[in-house]
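No value in this document is a laboratory result; all are computed from the given coordinates. Small disclaimer: the values here were computed from a predicted structure and weren't measured. FYI the Cβ positions are ideal-geometry reconstructions off the backbone, even for glycines, and counts take in every protein chain you see.
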Amino acid sequence: MRIDSVVLNERKTLQQLINALTNRLTFEDNFQCTIVSIADTGAADTEFVVTHKLGKIPTAYIANLESAGEVYSTGKDTWTTTQMTLKCSAANAKLTLVVF
């Protein structure tokens, strides 16, 4: 549920806000972000490409790994509106990213 960015009708806007809060805003509703699942990061400490649909160059990301390890940025100056490069200290990690 998106809330209009311009308040044209106070009653309608208040109702949208109540509906959004009642239905619990998701990360994607509340932030400009995209959620990306990576099935296998490959060999440890090897760069891998993440394709995202953010539509702008990401500022950062939140990583959730299903194993011990750490995800870190590489070549951040080369990130684009559709792709970014990262490395993971664990081999063949499965992870979920919130890219924003």
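Just to be sure I understand: if I project the alpha-carbon convex hull of region 22-80 onto a plane and average over all orientations, what area do I get in nm²?
If I average the Cα hull's projected area over directions, I get 5.3 nm².
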*Taking 0.36 nm per residue of separation and subtracting the Cα-Cα distance, what length does fully extending THR51 through GLN83 add?*
11.1 nm
*Rank by packing, highest mean first: peptides 94-100, 12-18, with packing defined as the count of other Cβ atoms within 10 Å averaged across residues.*
94-100, 12-18
*Can you give the calculated 222 nm mean residue ellipticity of the chain, where each DSSP H run of n ≥ 4 adds -39,500 (n - 2.57) and the sum is split over every residue, rounded to the nearest 500 deg cm²/dmol?*
-4500 deg cm²/dmol
*Given the chain, what count of lysine pairs have C-alpha atoms under 22 Å apart, with each pair 8 or more places apart or on different chains?*
7
*With a cut-off of at most 16 other beta carbons within 10 Å, and DSSP calling the residue loop, which GluC sites (Glu not before Pro) in region 28-100 qualify? Please list them.*
GLU47, GLU66, GLU70
*Quick one, which of (1) 6.4; (2) 7.4; (3) 5.6 is the actual mean projected area of the Cα convex hull in nm² calculated for this model?*
(2)
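Please sort by residue number the chymotrypsin sites (Phe, Trp or Tyr not before Pro) in region 9-73 whose DSSP state is loop and whose Cβ has at most 14 other Cβ atoms within 10 Å.
Working: sites: PHE27, PHE31, PHE48, TYR61, TYR72; in loops: PHE31.
Loop-located and lightly packed - PHE31.
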